[in-house]
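Written below as structure tokens is the structure these notes are about.
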Amino acid sequence: MAAASWYHRDISRVVAEELLAKAGRDGCFLVRDSESVSGAYALCLLFQRHVHTYRILPDDEGLLSVQTIQGIQAKCFRTLPDLIGAYQQPNNGLVTPLLYPVHRARQAADEDSDGEDGRGGGHAASAGPAGGAGAGAWLSAPIAGRTHISQKLHQRLQEQVHSSPASDFMGFMAEYLNHHLQLDLEALRHGHPQLRHLSTALVTACRALHSEIDFTLAGLETLARVFDPPASPRSPAREQGLLTSDPDLELLLNKISTVNHLLSSLEKKVLKSLQETVSRHNLALPSVVAVPPPAAKPLAVQSFEVKMGKSQRAALTVDVESGTVAITKAGSGSPEETIPQDKILQLIKYQSVQSKVRLVYDREPQRSLSRDFVFLSARKREAFCQLLQLMKIQHSNLDEPDLISVYVGTWNMGSTPPPRSLASWLTSRGLGRTQDETTACIPHDIYVIGTQENSLGDREWVEFLRASLKTLMTIDYRVVALQCLWSIKIVVLVKPEHERRISHVHTSSVKTGIANTLGNKGAVGVSFLFNGTSFGFVNCHLASGSEKTHRRNQNYSDILRSLVLGDKRLSAFDLTLRFTHLFWFGDLNYRLDMDVQDILAHITKKEFEALLAVDQLNLEREKNKVFLRFSEGDISFPPTYRYERGSRDSYMWQKFKPTGMRINVPSWCDRILWKSHPETHVVCNSYGCTDDIVTSDHSPVFATFEVGVTSQFVPKKAPGSGPEPLACIEWESIEVIVKTASRSKCYIEFHSYCLEEAQRSGENTSQSCDIPGFLKLGWSAKHLPVLNPILPDLEYLGDQHLLLSIKGVESCESYGECCIAMRSMIGSMAQQFETFLFHRGEETGSMRGWMKVRVPKDRHSTRERLYEWISFEEEDAEPAADAPACPKPPVQRLRSRPRSLPESAAGYTNPAYFIFEGVPNAWAPAPSAGEAHNKQAESLAEGQRRRSPLRARVPSPSEEERWGGRPRCVPGAPSRGHPLSPPGVGQQKRPKSAVLVRDAPGLGDCSLTALHMATCLSQLDRASPERRGDSQKTLLHQTHGALEPPPRPCREVPRCMPDARQHGRPGEWPCDRGERSRSVGGCLGHLGLQQDVEGLQERGWDHLEIFRYTQALELGKGGTVRASSCGPGVPGRAPCPEGEER
């Protein structure tokens, strides 16, 4: 089977469909591994532009059969080629016979010793000589083919030579490949399986090993005779073995076996001998006095210089141990006021003034007071807030924590031992966003250390880390997990008091080196539960070399697919959805696409924005190729690679090799990213690198996080004698768009820790695949299950999440998965949700619908989390003359918005969904000031009515009060863009202290349906050329203004309300109407994108990077759209200057 070109191994469903679409002929087929059943296969067949997938399942005897349509007798086959051959005949239950196999693409050779030391590889055979059919192909190949094989193997060896310390050994192997491999091949061809020449080469290469083993073995035997003289007499054979000068592989193996036996038995011998000595002579061993562990150092009282009011200087003194904050005015010897920690109600951070904070506290009964303080720097303000947070935690009466701190570090050690001290790395000091000296030595709850090219032994490295932390923090941290893959290691350490809170620890590793069989590149991972919160940590070392971007992307996909972590019941879900918090870090090896001299000039001037604009990782994330919906802290430190060892003053970007000079441009290779479930609390407090650890050509990188966690929930109300009221999760409708060429019926699986077991829906009730490459599915309430959580309490349900998976009825394979937070869905009224679907790290579609979580009235009690008393607020600003003023509510204790919620955005990130979700509002020109003034009243009256159907519903006042929130000024608010766009894309400043159910960003009226866009743009054909620009503006604006949201579907059968401005059949989306005949390609042409229509047809929606760069600028020049609205949206990306093209 290995030689079958139509067998594509473990490619994903999406990749299989893309390959068949490129082939384009009815009857094209391929076979891949099944994603749902281990050991099974999936037969993918193209017919009439749709991909049909059939499962090939093995029975108990190993015979293979195809699941086809009912009524067709299933046939069994011993091998997969036999099965494929039989189904090439008609009338076998398939939609069409198997006619044209789609062959595997030849893959580039996996060069990775460390790519900076390697050369660009050519191409290697797609199937290696692993035996079976592959080995048979080798042996039956002509002499020329075998010569080619020898050359390829020698080329792979050369790629390893310069990074391997065993250069002499490599020389022997090179000699064998050049001169003796052909002889062994000939011997095999004639039936002689002994590789005589390989044995000779190995004996010669291992000659030095004999003397080393003899030396070691003599010492071990001497030590053994000391404790047991009669037990280890030196045999004549051993003496002869030491004196022989004719090394032999069998003798070498015997010596190694002897060393192994001695090492394993020596400790037992010594222990037994000592015990006998003690009992024989009645010796009294001196008693060992147990030394108590050192107590944790109490935190010193910290003082901060601040400014109160306009000019009054004062000092804020924080005493964590006593739990007080004292305010002392300058020149005064005694504190003006001392505030106990239990009187502090809220801490509000200002966004516009990064060094300003507002403290709200109780002064008298029924009266609260707020005071503003301006610190010397933003870092001082953060230190003050961290100390107050720590004070709250230490003095709370909670048995289990709500908030923990997590340290994540990554370092490529360059195969050299570490320095004596790692203090700067473990205390987050150096360059970038670092910890203030007042909080640097506060111990974190969890330390996760990832290293690459770590030459230390596993136990030696762990003990070194524990000793370092004990010296710095006076805490003896416990080891949760250690996972290693060659020189890639990950260590997880926790405080002793948290050890009992850790459970369900899993570890895994994935090799992505040469042919995915070597561990010089790859990933190691650890997952566990901290009480009720799941954590995942992945440390990886990806392919190196500036030109290896695609290979790095593939490494990421392989790790995502193969890493086995988390709850086994969630194994079908994308790895990034299995954990409440997932941290991914390591030497990602993405480089900067810029001339090295320009890079050095920008680094000298600390112009990091220009460099981040050409950072390969940022560019690939923009294209949705890797790390979808991950977050990364702001990078304000210089590139961490490639420094001159022993210094941090200069970069060693040149490397001279026998094959020539190689350039390694300075780059941010070492990164830390994270992804969390929606509506959870995670804050990155620091992200930087050290500047004093110089043993490697990489600088260590660190990040610290404040993470909200949940604990085992204990209901406050004891169960009564009668039946307990149940909470229920009800669905009114779900609509799904998936990127697929299949027409399979689907169902939805529902998973959650709050459910006793997974639930599934019925088959979809509506389906449309009129647009090639996309499938639109719908479920009504009748076909969606009512879910009953195991506990009905509001406090419990507010922390839960639902994981949904769209699966095909025939293949049972996933078309995409998503996560929905239940907190925003709680209430008596149905709430609208919208999210993306993911599968194997790719964005495969989107889902939206209406749902509600009903909670019994007597279970509405909840409590404020320790992290919710800190919120964000904007500096007061003068309202615009043409904008309605929002009344400022009184300061109160607010439920903080979880900071992992993505910021609002001004545009979509995936243009593929324009055909369903419409064009962003930014494509329509903004009205002038006069127009805005004239339409102000209309906006106030119709702001709610004219929202897009994807907009989150504004809660009722009762819901506001239930969550302790405050009203928000909705009319006239700017449109918020896509709710799940990556952070940093078109961010708009706004208060972040609003309640979750109210503050979930929505699309507003920012989208045009595909039909309106096509109808509008088709009229441009009738416009004169000189007036086309104005027509575009007018039509786009008028079409946008005429939009109204489709009605909410009824509970039973979705139908359109009489007053809704909908055309077409009831229950359809706007894109179902007959006017779709005006193709999207035509729309692109009208928008000035004619040259990309052909690329769109050939390469599909992945070609639509046209909306991001030059074409976006052309649209801006033509007056259709602001160039900035379509530009890249990765944080730190420098905007393209007006008029400049990339």
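Take the Cβ atoms of Asp692 and Glu212, set R0 to 45 Å, and the FRET efficiency comes out at 0.75.
Here r is the Cβ-Cβ distance between Arg313 and Arg420 and R0 is 51 Å; the resulting FRET efficiency, rounded to 0.05, is 0.75. Positive contributions from Lys and Arg (+1) and negative ones from Asp and Glu (-1), summed over other residues with Cβ under 11 Å from the Cβ of Val51, come out at +1. Annotation: amide H of Ser667 within the under-5 Å range of Thr640, Tyr641, Arg642, sequence separation 5 or more or interchain, hydrogens built in the peptide plane. Assuming R0 = 35 Å, what is the FRET efficiency of Glu400 and Glu305, from their Cβ-Cβ distance, to the nearest 0.05? The value I calculate is 0.45. Annotation: extensible slack from Asn260 through Gln89 equals 55.6 nm (criterion: 0.36 nm per residue apart, minus Cα-Cα distance). Heavy-atom accessible area, probed at 1.4 angstrom with all protein chains present, ranks Ser396, Ser686 as Ser396, Ser686, highest first. These residues, Tyr651, Tyr87, go from largest to smallest accessible area, 1.4 Å probe, as Tyr651, Tyr87.
Measuring against 29 Å, Cα to Cα, the residue pairs Lys489/Lys675; Lys310/Lys675; Lys521/Lys807 contain Lys310/Lys675; Lys521/Lys807 as the ones spanning a longer distance. Of the peptides 369-380, 35-46, the ranking by mean beta-carbon count within 10 Å, highest at the top, reads 35-46, 369-380. Within region 402-479, the ratio Rg/Rh, alpha carbon atoms throughout and Rh by Kirkwood, equals 0.95.
Ligands, DNA and RNA aside, Arg9 has an accessible area near 80 Å² when probed at 1.4 Å.
Between Ala758 and Asp634, the modelled labels are 4.2 nm apart [label points 7 Å from Cα along Cα→Cβ].
Computed over protein heavy atoms with a 1.4 angstrom probe, the accessible surface ordering of Val357, Val479, largest first, is Val479, Val357.
Stretching Gln654 away from Ser768 to a fully extended chain increases their span by 35.4 nm, per 0.36 nm per residue minus the current alpha-carbon distance.
Model label sites at Glu437 and Arg371, defined 7 Å from Cα along the beta-carbon direction, differ in position by 2.6 nm.
The string of couplings for region 196-203 from the Karplus curve (6.51, -1.76, 1.60, θ = phi - 60°) is 5, 6, 5, 4, 4, 5, 5, 4 Hz, one whole number per residue in order, with x for Gly and Pro. Note on Lys329 and His103: the model spin-label points, each 7 Å out from Cα along the C-beta direction, lie 8.8 nm apart. Using heavy atoms of the protein chains and a probe of 1.4 Å, the accessible area assigned to Thr96 is about 20 Å². Peptide packing: for 674-680, 600-606, 300-306, the average count of neighbouring Cβ atoms within 10 Å per residue gives the ranking 674-680, 300-306, 600-606, highest mean first. In plain terms, if you count all Cα to Cα distances in region 348-435 and split them into 5 Å steps from zero, the share in each step is 3, 9, 14, 15, 17, 15, 10, 7, 5, 2, 1, 1, 0 percent.
The values are calculated or read from the model by the stated rules, or taken from the named source; none is laboratory data. Values in this document were obtained by computation on a predicted structure and should not be read as measured data. Heads up, the Cβs are rebuilt from the backbone with ideal geometry, glycines too, and the neighbour counts pull from every protein chain shown. Heavy atoms of the whole protein, side chains included, go into the accessibility calculation; ligands, DNA and RNA do not. Shrake-Rupley method; radii C 1.70, N 1.55, O 1.52, S 1.80 Å.
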